[in-house]
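Encoded as structure tokens, the structure appears first; notes follow it.
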Amino acid sequence: MERTLVLVKPDGVQRSLIGEIISRLERRGLKLVAMKLMQVTEDLAKRHYGEHAERPFFPSLVGFITSAPIVAMVWEAENAVEVVRNTIGGTNPADSPMGTIRGDLALDIGRNLVHGSDGPESAQREIELFFKTEEILEYGRSNDSWIKEL
Ligand code: IDP
Ligand code: MG
């Protein structure tokens, strides 16, 4: 089953939107398999956002993601990466459709509430940055067959 990393960024925690964001992913049917409230160090931030190291917004992005606690999660589903990205909306909330997390709850590209991995390889890389193998749980849900035709 595919897994993806989701972060409720510092703005989401500060705005008391942790529950709202988790709730949207839960209601969609994805399965939560790991979660923690944590402070991101500068080293972790730079590794996580390494692909953007040369971009002008990189220093402010690292400053922001390390500025206050975040919630890190791993969510599981068939096509989890794509489903989560579609649930989150586009990078710029101003262009994100209503019904998406960013389109409904955010305004600014630098305060877009949530991170979702952009592909299966980056998902695996990012999950390994944030979680140890033993922190990711395998379990069944009694309603799985009501979410997915097996
Ligand atoms: P994503 O979060 O939708 O995958 P990325 O392009 O991977 O978007 O960028 C990572 C994060 O960097 C974005 O979520 C956003 O917070 C920030 N960011 C991206 N582009 C800009 C920009 O042009 N100005 C300011 N911040 C940006
Ligand atoms: Mg990205």
- When the Cα centres of region 76-148 and region 1-50 are compared, how far apart do they sit, in Å? 8 Å
- Item | Separation of the D108 and S142 label points, Cα + 7 Å toward Cβ, nm | 4.6 nm
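Mind checking the full-extension length gain between E135 and E149? Use 0.36 nm per residue of separation minus the Cα-Cα distance, one decimal, nm. Write down the numbers at each step before the final one.
Numbers: separation 14, 0.36 × 14 = 5.04 nm, distance 2.79 nm.
Roughly 2.2 nm would be gained on extension.
Could you work out the Kirkwood radius for region 84-150, taking every pair of different alpha carbons, averaging 1/r and inverting it, reported in Å?
Mean inverse Cα-Cα distance, inverted, gives 14.2 Å.
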- Task: Output the peptides 13-23, 121-131, 140-150 sorted from most to least packed, where packing is the average of other Cβ atoms within 10 Å over each peptide's residues.
- Result: 121-131, 13-23, 140-150
- Quick one: what are the phi-derived ³J(HN,Hα) couplings along region 83-99, Karplus 6.51/-1.76/1.60 with θ = phi - 60°, whole Hz, x for glycine and proline? 4, 5, 4, 5, 6, 6, x, x, 4, 8, x, 4, 9, 7, x, 4, x
- Compute the FRET efficiency between E54 and S122 as 1/(1 + (r/R0)^6), taking r as their Cβ-Cβ distance and R0 = 22 Å, and round to the nearest 0.05. 0.80
- Note on the structure: Whole-Hz Karplus couplings 3J(HN,Hα) for region 47-64, θ = phi - 60° and coefficients 6.51, -1.76, 1.60, Gly and Pro as x, run 6, 4, 9, x, 5, 9, 4, 8, 7, x, 7, 4, x, 6, 5, 5, x, 5
- Item | Spatially proximal lysines relative to K132 (Cα-Cα < 22 Å; intrachain offsets below 8 disregarded) | K9, K31, K36, K46
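Ratio of region 25-101's C-alpha Rg to 2.2 N^0.38 Å, to two decimals?
1.25
Okay, helix-only estimate at 222 nm for the chain: each DSSP H run of n ≥ 4 adds -39500 (n - 2.57), divide by all residues, round to 500 deg cm²/dmol; what do you get? Intermediate values should be presented prior to the final figure.
Values: 8 runs with 60 residues, N = 150.
Rounded to the nearest 500, it is -10500 deg cm²/dmol.
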- Rg in Å to one decimal, and Dmax rounded to a whole Å, for the chain via C-alpha atoms: 14.9, 47
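Taken together, the values in this text are just the output of simple stated rules run on the coordinates, not laboratory data. Worth saying up front: this structure is predicted, and the values here are computed from it rather than measured. Counting neighbours? That spans all protein chains shown, and the Cβs are built from the backbone with ideal geometry, glycine included.
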